[in-house]
1. By how many nm would the segment from residue 35 to residue 107 lengthen if fully extended, with 0.36 nm per residue of separation less the alpha-carbon distance?
2. With a point put 7 Å past each Cα toward its Cβ, work out how far residue 56 is from residue 87 in nm, to one decimal.
3. Tell me, 67, 101 in order of fewest to most beta-carbon neighbours within 10 Å?
């Protein structure tokens, strides 16, 4: 992956400035196993543990390739920007620069 980190400029998140290159690796870097393995309540507002599991379940369902192929074509430019800004803001708020590169971007050292 080449580009600027979202942490390089305090005034702007540069998440969209990456060139993603597919790696020739037999092992996938990304995992979405939770949504397939979870056997519990999906609901929000009961308690923190259930809320966290529900958010994980929803995000993994949302990020499914088939779902994304369908919904991204239907989303307005405003909704695309809103979602991009929300996700970028959460990354910047809760991850250190090192965590962003290692955990989110999965950059090798």
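1. 23.5 nm
2. 1.9
3. With the fewest neighbours first, 67, 101 line up as 67, 101.
Rule-based calculations on the coordinates, nothing more; no lab input. Predicted model, so just to flag it, every value in this text is computed and none were measured. Backbone-built Cβ (ideal geometry, glycine too); neighbour counts: all protein chains shown.
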